[in-house]
1. Whether any residue in segment 97-111 is at pLDDT below 95 and over 21 Å from the mean Cα position of the chain (by Cα) is what I want to check.
2. Let me spell it out: the conditions are (1) surrounded by fewer than 18 Cβ atoms within 10 Å (Cβ to Cβ); (2) closer than 30 Å to Gly219 by Cα; (3) free of Cβ contacts under 8 Å to residues at least 40 places away in the same chain, and Pro92 meets all of them except one. Which number is the exception?
3. Would you mind stating whether Gly205 is of a type outside the set (S, T, N, Q), over 16 Å from the mean Cα position of the chain (by Cα) and exposed (fewer than 13 other Cβ atoms within 10 Å of the Cβ)?
4. Identify, from the list Ala121, Ala134, Ala103, Ala116, the residue that is in contact with a Pro (Cβ under 7 Å, 6 or more places away or on another chain) and either among the aliphatic types (A, V, I, L, M) or at positive phi (or both).
5. Could you tell me whether Leu130 is modelled with pLDDT of 90 or more, under 14 Å from the mean Cα position of the chain (by Cα) and within 22 Å of Gly236 (Cβ to Cβ)?
6. Across segment 210-249, what is the total count of residues that are free of Cβ contacts under 8 Å to residues at least 12 places away in the same chain, more than 22 Å from Ala134 (Cβ to Cβ) and not in a helix (DSSP H, G or I)?
7. When you scan segment 1-21, how many residues do you find that are in a loop (DSSP other than H, G, I, E, B) and over 16 Å from Gly105 (Cα atoms)?
8. As an exercise: evaluate Arg163 against (1) among the charged types (D, E, K, R); (2) assigned to a helix (DSSP H, G or I); (3) modelled with pLDDT of 95 or more and give the number of the one condition it does not meet.
Amino acid sequence: MYRGDSLQGVIYQERQAAVLGCVEAVDLPAHARVLEIGCGAGHLTIQLARRGLDVDAVDASQAMVDTTASQAREAGLQQHVRTGLADVHALPFESSHFDLVIAVGVIPWLHSPDEAVKEMARVLRPGGQLILTADNRARLTSFTDPRAMLALSPLKRALVALRQRRGLASSRLHFPRRIDRFLLEGGLRPLARRTVGFGPFSFLGRPLFGEQRAIRINGRLQALADRGLPGLRLTGWHYVVRAGKDAQQ
């Protein structure tokens with residue numbers, strides 16, 4: 001997805017670019033301590049290590065941890081990367097340890113995202129920052145495709161609960177204001193927020209446009225959202241937020 005040219009691939013690449021933009025905004029010194037939660041295949045890990053940051057990359061999947069470690073070795077960055085298994089609800093790190101914590105694509109899969117955010121805040125040093133993403137319940141398609149409309153949310157929650165009882169993974173959508181509340185409850189203050197990714201463009205689950213046209217429409221809508229156009233600014237697929245921990249905590 002991070003290298004593909006499909007609409008979904010383009011949107012994931014835009015999300016990663018937005019996260020890296022947040023990293024640049026933090027302006028960390030070389031060898032700053034970074035915790036990446038949900039490292040996956042290590043694409044973001046490598047980008048962080050190339051910036052001279054010392055990264056603890058953790059995931060709940062051993063296969064993903066192994067892939068990230070392999071990517072770091074192949075890139076010659078193993079001196080900047082440590083990998084390990086971890087549950088975000090009970091991180092195996094001491095309090096106030098990291099300068100930056102990043103959790104991309106993690107929140108949608110958690111049973112207790114509020115507790116996870118508090119745990120992220122715990123391991124963050126006073127004055128440190130957190131960057132996380134969530135799948136946006138107020139995304140544009142929630143208002144344009146009947147199958148994704150907000151009015152169906154109770155039914156969708158019931159289906160998610162059923163899948164979980166059967167041991168199947170299901171992701172959850174969250175309103176940006178709910179994510180902001182998790183941050184505030186964890187002692188963090190939102191500093192910058194935006195959404196990225198518009199699409200898929202569908203009706204009753206069926207695509208309205210070809211792939212290339214959909215990518216062009218996504219780009220135009222993203223440009224308008226980035227200019228702060230009301231009604232679009234916070235209706236992208238992924239909510240990206242950067243938050244800070246008070247220096248006195």
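The values are calculated or read from the model by the stated rules, or taken from the named source; none is laboratory data. Just so we're clear, the structure is a prediction, and the values are computed from it rather than from any experiment. So basically every Cβ, Gly included, is an ideal-geometry build from the backbone, and we count neighbours across all protein chains shown.
1. no
2. (2)
3. On the way: of a type outside the set (S, T, N, Q): yes; over 16 Å from the mean Cα position of the chain (by Cα): yes; exposed (fewer than 13 other Cβ atoms within 10 Å of the Cβ): yes.
Yes, satisfied.
4. Numbers: Ala121 fails: in contact with a Pro (Cβ under 7 Å, 6 or more places away or on another chain); Ala103 fails: in contact with a Pro (Cβ under 7 Å, 6 or more places away or on another chain); Ala116 fails: in contact with a Pro (Cβ under 7 Å, 6 or more places away or on another chain).
Of Ala121, Ala134, Ala103, Ala116, the one residue that is in contact with a Pro (Cβ under 7 Å, 6 or more places away or on another chain) and either among the aliphatic types (A, V, I, L, M) or at positive phi (or both) is Ala134.
5. Numbers: modelled with pLDDT of 90 or more: yes; under 14 Å from the mean Cα position of the chain (by Cα): yes; within 22 Å of Gly236 (Cβ to Cβ): yes.
The answer is yes for Leu130.
6. Number of matching residues: 2.
7. To start, the set of residues in segment 1-21 that are in a loop (DSSP other than H, G, I, E, B) comprises 1-6.
The next check asks that each one be over 16 Å from Gly105 (Cα atoms); those that pass are 3-6.
So the count comes out to 4.
8. So the condition that Arg163 fails would be (3).
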